[in-house]
Amino acid sequence: MGIPADDVVLIQQGSSSHDPTIVTVNCPDKSGLGCDLCRIILEFGLHITRADFQTDGKWCYIVLWVVQLQHSNLLRLDWDSLKNRLLRVSPPCLTPLYYDQKLNGSSAAPSVYLLKFCCVDREGLLHHVTEVLTELEFTIQRLKVMTTPDGKVVDLFFITDGRELLHTKKRRDDTCGYLCDVFREYCIGCELQLAGPECDNQRNFSSLPLVVAEELFSCELSEKESCMQAPRAATTSPKKAIVTVDNLLSPAHTLLQIQCVDQKGLFYDILRISKDLNIQVAYGRFSSSIKGYRNMDLFVQQTDGKKILDPKLLDNLCSRLKEEMLHPLRVIITNRGPDTELLVANPVELCGKGRPRVFYDVTLALKKLGICIFSAEIGRHSTEDRQWEVYRFLLVENGEFPLASGQARNQMAAGIRRTLMGW
């Protein structure tokens, strides 16, 4: 029993540029499907303005209203490719209703490829390269960027392909050819090949200074920090994430009522936590933003089909939701010897996937601020309860933002955070 593959994912574009596009997914259910779908939506630079979804544990029906993020509208959005990517993570429909979820989650991790790109340095170069790779639907897994004394930049990008075509010579040749066409006389060389052992060598940092790690990964958010991260538009409502638990309304589900500041990737963050904690969302409604705030109703269960009654599990779930809604990304600026270093961190899913488009957003923010990047790298750092993806940038002094000034650093961090949160 099933439905035609063409009807699994439907995309209905708005009648005007101001109207949202409606994405409908109708397929067998699997654990973490909502998170996987929202991750792809975020990867394509789309913002979910509304959402309705429901499942009986066997079949699910999801409707997402999406708009293109303001700073992403210069990128070409391939709606057919988006549909194919959403189809790829959706369980096949021409199967029995009693679908074995384990089979769908057993696919191997995508192959990692090494892109070596050498170019003449210029302002905003790293973001421009990142913009091209994003448009081509590559995900940057690891990165090493070095500026040479003679004004050249050597970029090592460890990438995976959202289209899963890099094993073909045509896709590799087209990618290098496109980069050379875009950067023209600035391009010195471009090579793309399957990554070898060097990929593992780039996987982790040797260490982060203890003081820096404590500041970056601290989960204790003060009231002042919460207020600082709220957009200016949200001035009348409390600058907090509120999670209310109701175990009386439904005989089979725990109701979570959530109110928080609207921000980019909010729905993805909530479903990511549910996925990592093995909490199943049976029904959910994600309402439109009102004065910069979102309201959500989620009816959830444990994997055994029962409501959540364990006080420790409920407390852990609510704490994680509040923490991620208030502080889904960490941004600090510190000293690294004589240099100034920007660090940005986000939690990694248990399956090993990082948050989409973080590197794109940070390089965009630095470009807007007129701050040049001397070197950059991406790696993983493990704390007691989770793994983090950490982005490190050594910055070049700027007259408008003297990097030694505490006030300038605060302004810079605030600007980067606003871009990351979509404010």
>> Anything in the range 12-25 that is open to solvent by less than 50 Å² (accessible area, probe 1.4 Å) and in a strand (DSSP E or B)? List them, or say none.
In response: Thr21, Ile22, Val23, Thr24, Val25
>> Out of everything in the range 372-423 that is closer than 19 Å to Arg355 by Cβ and without any contact (Cβ under 8 Å) to a residue 40 or more places away in the chain, what residue ends up being most open to solvent (accessible area, probe 1.4 Å)?
In response: Asp385
> How many residues does the range 25-69 hold that are touching a residue at least 40 places away in the same chain (Cβ under 8 Å), within 21 Å of Asn295 (Cα to Cα) and not charged (D, E, K, R)?
Replying inline: 19
> Taking only pairs six or more apart or across chains, which ones have beta-carbon atoms under 8 Å, a first residue in the range 175-199 that is assigned to a strand (DSSP E or B), and a second residue that is of a type in the set (D, E, K, R)?
Replying inline: Ile188/Lys152; Gly189/Lys116; Cys190/Lys116; Glu191/Lys116; Leu192/Lys116; Leu192/Arg172; Gln193/Arg172
> Can you pull out the residues in the range 350-371 that are in a loop (DSSP other than H, G, I, E, B), buried (at least 20 other Cβ atoms within 10 Å of the Cβ) and charged (D, E, K, R)?
Replying inline: Arg355, Arg357
> Can you name every residue in the range 317-371 that is among the small types (Gly, Ala, Ser), more than 16 Å from Asp385 (Cα to Cα) and touching a helix residue (DSSP H, G or I) at 6+ places or on another chain (Cβ under 6 Å)?
Replying inline: Ala365
>> I'm trying to understand the selection: among the residues of the range 106-131, which are touching a residue at least 60 places away in the same chain (Cβ under 8 Å), surrounded by fewer than 18 Cβ atoms within 10 Å (Cβ to Cβ) and out of contact with any Asp or Glu (no Cβ under 9 Å at 6 or more places or on another chain)?
In response: Ala109, Arg122, Glu123, Gly124
> Going through the range 201-212 one residue at a time, which ones are of a type in the set (Gly, Ala, Ser) and either under 11 Å from Thr334 (Cβ atoms) or modelled with pLDDT under 55 (or both)?
Replying inline: Ser206
> If you check every pair at least six apart or on different chains, which have Cβ atoms under 9 Å apart with a residue in the range 246-260 that is over 15 Å from Arg285 (Cα atoms) first and a residue that is modelled with pLDDT of 95 or more and among the aromatic types (Phe, Trp, Tyr) second?
Replying inline: Leu249/Phe299; Ser250/Phe299; Ala252/Phe299
> If we keep just the residues of the range 132-170 that are charged (D, E, K, R) and outside any strand (DSSP E or B), which is least open to solvent (accessible area, probe 1.4 Å)?
Replying inline: Glu137
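The values are calculated or read from the model by the stated rules, or taken from the named source; none is laboratory data. Predicted model, so just to flag it, every value in this text is computed and none were measured. FYI the Cβ positions are ideal-geometry reconstructions off the backbone, even for glycines, and counts take in every protein chain you see. When the accessible area is computed, the model is the full protein with side chains, heavy atoms only, and any ligands, DNA or RNA have been set aside. Shrake-Rupley method; radii C 1.70, N 1.55, O 1.52, S 1.80 Å.
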